[in-house]
Amino acid sequence: MKKVELRTGKDLETVTEASFDKPVVLFKHSTRCPVSAMALSGLLQHPRELIFFLINVIDNRDLSNWVAAKFGVLHQSPQILIIHKGACAYHTSHMNIDPAALEKELIALETK
């Protein structure tokens, strides 16, 4: 997997619009958290050629809070969200972030 960092509300809107074509993955990452570092490492080693969108919650707390409000999920970090057709179709956080589970969710959404 490859990561692209989101920095603005416009970036988030662009990604949300793209979710109408295919599911997109958002990863809320804290550079101060070892659990977040482990989750990020696992995502970067995922075999699928997929781009995921990273929000640095330390540098972009407002954007991170906007994600929570926009998609109706409690703010957590680290946190994975799958956005599909403009809505949050899946989310999990902390030690529950598992690349295999993420893959299963993506496959299920892509076949709908």
Subject >> Test: residue in the stretch 4-12 that is surrounded by fewer than 16 Cβ atoms within 10 Å (Cβ to Cβ) and in contact with a Leu (Cβ under 6 Å, 6 or more places away or on another chain) >> reply: yes
Subject >> Condition check for THR16: surrounded by 13 or more Cβ atoms within 10 Å (Cβ to Cβ), in contact (Cβ under 8 Å) with a residue 40 or more places away in the chain and of a type in the set (S, T, N, Q) >> reply: yes
Original post:
Applying the selection to the stretch 71-89, what residues are out of contact with any His (no Cβ under 8 Å at 6 or more places or on another chain) and either surrounded by 14 or more Cβ atoms within 10 Å (Cβ to Cβ) or at pLDDT below 95 (or both)?
Top reply: LEU74, HIS75, ILE83, HIS84, CYS88, ALA89
**OP:** Answer yes or no: is there a residue in the stretch 49-58 that is loosely packed, with under 13 Cβ neighbours inside 10 Å, at positive phi, not in a strand (DSSP E or B) and not polar (S, T, N, Q).
**Re:** no
**OP:** Go through (1) loosely packed, with under 13 Cβ neighbours inside 10 Å; (2) in a loop (DSSP other than H, G, I, E, B); (3) without any contact (Cβ under 8 Å) to a residue 40 or more places away in the chain and name the single condition SER41 misses.
**Re:** (2)
**OP:** Could you check, for the stretch 74-83, whether at least one of its residues is over 13 Å from the mean Cα position of the chain (by Cα), in a loop (DSSP other than H, G, I, E, B) and among the hydrophobic types (A, V, I, L, M, F, W, C)?
**Re:** yes
Subject >> Condition broken by ARG61, with the remaining ones in (1) out of contact with any strand residue (DSSP E or B) (no Cβ under 7 Å at 6 or more places or on another chain); (2) on the phi > 0 side of the Ramachandran plot satisfied >> reply: (2)
**OP:** Can you tell me which residue within the stretch 19-34, out of those that are hydroxyl-bearing (Ser, Thr, Tyr) and surrounded by 17 or more Cβ atoms within 10 Å (Cβ to Cβ), is farthest from THR92 (Cα to Cα)?
**Re:** SER19
**OP:** Please state which of the following conditions ALA68 fails to meet, knowing it meets all the rest: (1) assigned to a loop (DSSP other than H, G, I, E, B); (2) free of Cβ contacts under 8 Å to residues at least 12 places away in the same chain; (3) surrounded by 13 or more Cβ atoms within 10 Å (Cβ to Cβ).
**Re:** (1)
Original post:
Residue check: is LEU26 in contact with a Phe, Trp or Tyr (Cβ under 7 Å, 6 or more places away or on another chain) and part of a helix (DSSP H, G or I)?
Top reply: no
Original post:
In the stretch 72-92, what residues are free of Cβ contacts under 8 Å to residues at least 60 places away in the same chain and not hydrophobic (A, V, I, L, M, F, W, C)?
Top reply: GLY72, HIS75, GLN76, SER77, PRO78, GLN79, TYR90, HIS91, THR92
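The values are calculated or read from the model by the stated rules, or taken from the named source; none is laboratory data. Computed from a prediction, not measured in an experiment: that's the story for all the values here. Here Cβ is always computed from backbone atoms with ideal geometry, including for glycine, and neighbour counts include all displayed protein chains.
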